[in-house]
Amino acid sequence: MNQDYIQSNPWSIIEEGFDKERVKSSESLFSIGNGAMGQRANFEESYSGPTFQGSYIAGVYYPDKTRVGWWKNGYPEYFAKVLNAPNWISIDINIDGEPLDMATCTNIKNFKRELNMKEGWYRRNFIATTPNNIEIEVVATRFLSLSHDEVGAIHYQVTPLNSDIDILFKPYIDAGITNEDSNWDDKFWNTTKIVSDKNRAFIESHTMKTNFNVCTFMQAHLIHGDTLKKTPDALNQEDLSIGFEFFQKVKKGEKVSLVKYGGYTVDRNHKADKLTEAAHTALDQVSSLGFDGLLEEQKKAWARIWEMSDIAIQGDVKAQQGIRFNIFQLNQTYLGTDSRLNIGPKGFTGEKYGGSTYWDTEAYCLPFYMATKNQEVARKLLKYRYNHLEKAIENAEKLGFTNGAALYPMVTMNGEECHNEWEITFEEIHRNGAIAYAIFNYTRYTQDYSYVPEMGLEVLIGIARFWQQRVNWSAHRNRYVMLGVTGPNEYENNVNNNWYTNYLAKWCLEYTLEQLEYVQQEHPNDYKRILDKTQLGNDETGLWKKVAAHMYFPYSEEHGVYLQQDGFLDKDLIRVADLDKKERPINQHWSWDRILRSPYIKQADTLQGFYFFEDNFTNKELEKHFDFYESFTVHESSLSPCVHAIQAAKLGRMEQAYTFYLRTSRLDLDDYNKEVEEGLHITSMAGTWMSIVEGFGGMRVKDGKLCFTPQIPEQWDMYSFKLNFRNRVLKVTVTQEGAEFKIDEGEALEIVVDDKPITLSA
């Protein structure tokens, strides 16, 4: 473990003791969100030490123009930056004229942060000695409301401990912010209006180029004893900021508090010229509840989420904390209320990667939302891709593909490709297959086949057309080959015949043909509509069959395994166990050239295919491939350990599965990859849920039935989870003595446990 300051606790993330060196890491770990907006755990008061300021609004981005030195044809026109939004949380504090700044205080003691995941709030408390020798106690609590998702709330309490004080609270909102990842401290916002109304303030601004209109707002009041002070003593307004001053004399031992509400109204939900009016309405609603009433609502909202999505573990606090942290962050990032939004890889915790949608959504996140929400949430994720089909066709056209072939972007905000790395944009085409697999996975799990004739078949046709055009006929091999690709293992770029990509292409073609037949038989009107729209003919589908039947797959007779790509055995096959630990992680110690020539695997690649299509391979084949490839895998992608955990469990290697589980569940908490200060790995967190439910629980859907092969790590006394399966809520409890299955909601259900059918009564 690279960091060990986070205390073990089943329901909270807790840090004790102030260390300037870990401020940025903690800003990531203690991030909060509510699906519509989110923020890093920046201090409310001024802080002059190293910090990574970050507040984010779902769906708001900036198209930073890409610059290409040589090959421009087909290259994405822009890189989508996830924008740091105007700051609403700030509250400068002056104590007897001295600014409160933990970087300059002469002493900080009893420092504690807590992110209470059960109830959805973040609190920080400490005792500070200011440079003018005043000792104060601070307790600052904040949360982003789930029930009023445009609003966040802060309760900032100060108690002088060694003398009477004059305290000045200066709450403000600020549009003069920059992005951590901007190259030249670029400004991405134009401020158009700054106004105040009593104890409320508003900044209207819009993003450059994209013209997202946002109103950043706040309301503040002071509480001292029985006195509630709503009228500020002064107004401070500058070109890009506006704030208030609240002055108060406070005796030693007395408490004084500032309550601040703030947030964003955006033109995704309101008319652009009505944003301030909408902000007033939002503030009216939360003001009537008060801080305590709003917090009570928050606790109830999170209780409803946990009722369905919690995984309880007994006997292993670190494991329990890890899975709840992952589930908590997933729900903070995406709640399924808006089909225009998706799940960004950093969520609301950082700016790295850009864009809001990767293949992670379909490959890893869909199962979590499918099983812990209702199927409508999962359907929205699929609808999101259908809504982007035309853009996917345009993306393919830019690369020279024709006839409605669709290449979904690797990274996107609105359906356009917006990633600026060649090997990812043009070569990592396996993302197309993940989208097709998600359609299969959704219909298999929910039995909602209506998606296919309504939307899904058109998506599948576009993807199938892409694969058919992307292959080459090799006279040498007498097979179709796929040249110049990158698989999930991004430590091999521009390779020929990546096994996973080839296999996925073959499967996609065959699956599309199956769905064509199904829609023709069961939904003839939709079939005619789709064929008229796509102009699909028998000649084309005949070619699909030919490509699928004659796809080439590299194989080693010597090792008895499918090869990741044609040239894998040309590498110097030194296993990870023989690598110097000082060289790890290799992406922080080696050149890119050296990595690409090495045998080391960033994340599951061939094994990703064995995970998706496990029914097509025997356990003996899985074991052989697992033993061969895992020995070369450095797991420097957040997506890797969960797949290995599931497969190790399938092979009955529970100690190995448990090790992988801890790595995926505590990837950020223990900062395995030494990069947590940049933000959390949100999308891989769904893989952690999978590693328990599909790994230890052995949950699968086979022949239309829910199947389990439950196992339990020896470190645990018990674990339990719930699944929403076809309008039934099933609770699974596994102990060292055995497993129990019961229906919490819905009708009776026949399941299969250890290959034996069991009927559960309602």
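The values are calculated or read from the model by the stated rules, or taken from the named source; none is laboratory data. Everything numeric here is computed off the predicted structure, so don't read it as measured data. Cβ sites come from the backbone with ideal geometry, for glycine too, and all protein chains shown count toward neighbours.
Select, from Asp572, Asp526, Asp532, Asp539, the only residue that is out of contact with any Cys (no Cβ under 8 Å at 6 or more places or on another chain), at pLDDT 95 or above and outside any helix (DSSP H, G or I).
Result: Asp572 is the single residue among Asp572, Asp526, Asp532, Asp539 that is out of contact with any Cys (no Cβ under 8 Å at 6 or more places or on another chain), at pLDDT 95 or above and outside any helix (DSSP H, G or I).
Check Ala604, Ala686 and return the single one that is touching a His at 6+ places or on another chain (Cβ under 8 Å) and small (Gly, Ala, Ser).
Just a single option satisfies the conditions, and that option is Ala604.
Hey, among the residues in segment 494-506 that are closer than 19 Å to Val561 by Cα and part of a helix (DSSP H, G or I), which one's farthest from the chain's Cα centre (by Cα)?
Lys506
Would you check which residues across segment 467-493 are more than 27 Å from the chain's Cα centre (by Cα) and within 29 Å of His644 (Cα to Cα) and list them?
Listed by number, the residues that qualify are Trp467, Val481, Met482, Leu483, Gly484.
Just to be sure before I move on: is Trp467 aromatic (Phe, Trp, Tyr) and surrounded by 18 or more Cβ atoms within 10 Å (Cβ to Cβ) in the structure I sent?
Yes.
Looking only at segment 20-62, count how many residues are in a strand (DSSP E or B) and surrounded by fewer than 23 Cβ atoms within 10 Å (Cβ to Cβ).
1
Please find, within segment 315-366, the residue that is farthest from Ala392 (Cα to Cα) out of those that are basic (Lys, Arg) and surrounded by fewer than 21 Cβ atoms within 10 Å (Cβ to Cβ).
The selected residue is Lys318.
Under 9 Å by Cβ, and 6 or more places apart or on different chains, what pairs join a residue from segment 591-606 that is more than 17 Å from Ala363 (Cβ to Cβ) with one that is part of a helix (DSSP H, G or I) and at pLDDT below 95?
Ile595/Asn587
Taking segment 654-671, which residues are small (Gly, Ala, Ser) and surrounded by fewer than 20 Cβ atoms within 10 Å (Cβ to Cβ)?
Those that are small (Gly, Ala, Ser) and surrounded by fewer than 20 Cβ atoms within 10 Å (Cβ to Cβ): none in segment 654-671.
What do you reckon, is Leu563 surrounded by 15 or more Cβ atoms within 10 Å (Cβ to Cβ) and not charged (D, E, K, R)?
Yes, satisfied.
Please state which of the following conditions Ser631 fails to meet, knowing it meets all the rest: (1) surrounded by fewer than 20 Cβ atoms within 10 Å (Cβ to Cβ); (2) under 18 Å from Val701 (Cα atoms).
(2)
Do we have any residue at all in segment 175-195 that's free of Cβ contacts under 8 Å to residues at least 40 places away in the same chain and in a strand (DSSP E or B)?
yes
Give me a count of the residues in segment 417-433 that are within 14 Å of His388 (Cβ to Cβ) and either among the small types (Gly, Ala, Ser) or touching a Phe, Trp or Tyr at 6+ places or on another chain (Cβ under 8 Å) (or both).
3
Here is a check on your reading of the model: is Lys674 modelled with pLDDT under 95, farther than 23 Å from Cys365 by Cβ and surrounded by fewer than 19 Cβ atoms within 10 Å (Cβ to Cβ)?
yes
Any residue in segment 630-646 that is among the charged types (D, E, K, R) sitting within a Cβ distance under 7 Å of a residue that is surrounded by fewer than 24 Cβ atoms within 10 Å (Cβ to Cβ) and outside any helix (DSSP H, G or I)? List the pairs, counting only those 6 or more apart or interchain.
Note: pairs meeting the criteria are Glu636/Pro585; Glu636/Lys602; Glu636/Asn673.
Among (1) within 15 Å of Leu228 (Cβ to Cβ); (2) of a type in the set (A, V, I, L, M, F, W, C); (3) touching a Gly at 6+ places or on another chain (Cβ under 9 Å), which single condition is Ala282 missing?
The failed condition is (1).
Pull up segment 679-726, narrow it to residues that are touching a helix residue (DSSP H, G or I) at 6+ places or on another chain (Cβ under 6 Å) and charged (D, E, K, R), then point me to the one that is farthest from Gly746 (Cα to Cα).
Residue satisfying both the conditions and the ranking: Glu694.
Among the residues of segment 701-710, write down those that are out of contact with any Gly (no Cβ under 7 Å at 6 or more places or on another chain) and surrounded by fewer than 19 Cβ atoms within 10 Å (Cβ to Cβ).
Result: Val701, Lys702, Asp703, Gly704, Lys705, Cys707.
Tally time: how many residues in segment 665-700 are in a helix (DSSP H, G or I) and touching a residue at least 60 places away in the same chain (Cβ under 8 Å)?
Matching residues across segment 665-700 total 16.
Give segment 357-377 a look and list any residue that's more than 15 Å from the chain's Cα centre (by Cα) and modelled with pLDDT of 90 or more, or say none.
Within segment 357-377, Met370, Ala371, Thr372, Lys373, Gln375, Glu376, Val377 qualify.
Within segment 400-430, track down each residue that is within 20 Å of the chain's Cα centre (by Cα), under 26 Å from Thr210 (Cα atoms) and charged (D, E, K, R).
Passing the criteria: Glu416, Glu417.
Go through segment 286-336 and count every residue that is β-branched (Val, Ile, Thr), touching a strand residue (DSSP E or B) at 6+ places or on another chain (Cβ under 8 Å) and closer than 20 Å to Tyr369 by Cα.
3
Restricting attention to segment 215-271, report how many residues are in contact (Cβ under 8 Å) with a residue 40 or more places away in the chain and either among the hydrophobic types (A, V, I, L, M, F, W, C) or part of a strand (DSSP E or B) (or both).
Final tally of qualifying residues: 31.
Being outside any strand (DSSP E or B) and touching a residue at least 12 places away in the same chain (Cβ under 8 Å) is the filter here; which residues of segment 706-737 pass it?
Thr709, Pro710, Gln711, Ile712, Pro713, Glu714, Gln715, Trp716, Asp717, Arg726, Asn727, Gln736
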